[in-house]
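Participant: Take a look at the following structure, please.
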Amino acid sequence: MKIKFAPLDREIDVNLGESVLQAATRSGIEIKSLCKGSISCAECRVRVIKGEENILPPSRAEVALIGTGYHLDGRRLACQVRCFGDVIVDLQEQLDRAENSSKKVRGYRSQKHTESTAVVDTMLLTETKPKGPPPQRR
């Protein structure tokens, strides 16, 4: 049994009972998965382009986690797809996500630089003034 990964144009052998995620990881192909296959994060979404007859249909848990993605374009969780024949898997969504994975900073950044020290047994904080000129505002 073989899995071909598009658009990487790599083909690997898959062992019986091994998921697409496990086979890809073993072969050095990165598929993002926060839960490492415990079907809780839906980060390992892939699309099966060819060979749908060689995989089992998704479980209720998988469909509940993916939502309408499965019904709209056939996306599946790589950690849940097990093959019993040749399959072609599209990793374009994974590649796009890896390119755009720069983290955005949330929250408020103060321009005021001070050090706070807690006073023992109270919730009061004292601030110390920074040394040198104040930071310039833009």
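Participant: Give, rounded to the nearest 20 debye, the magnitude of the charge dipole that the range 1-93 has about its Cα centre when Lys and Arg contribute +1 at Cβ and Asp and Glu contribute -1 at Cβ.
Facilitator: So the magnitude is around 200 debye.
Participant: Here's a follow-up. Among 56-65, 70-79, what's the highest-first ranking by average C-beta atoms within 10 angstrom per residue?
Facilitator: 70-79, 56-65
Participant: Grab the other residues whose beta carbon is less than 10 angstrom from that of CYS83, score K and R as +1, D and E as -1, and report the net.
Facilitator: Computed value for this residue: 0.
Participant: Could you tell me which of ILE39, ILE12, ILE88 has its Cα farthest along the dipole of the range 1-110 towards the positive end, charges placed at Cβ (Lys, Arg +1; Asp, Glu -1), taken about the Cα centre?
Facilitator: The one lying farthest along the dipole's positive direction is ILE39.
Taken together, the values in this text are just the output of simple stated rules run on the coordinates, not laboratory data. Since we're looking at a predicted model, the values are computed, not measured. Note: ideal-geometry Cβ built from the backbone for every residue, glycine included; neighbour counts use all protein chains shown.
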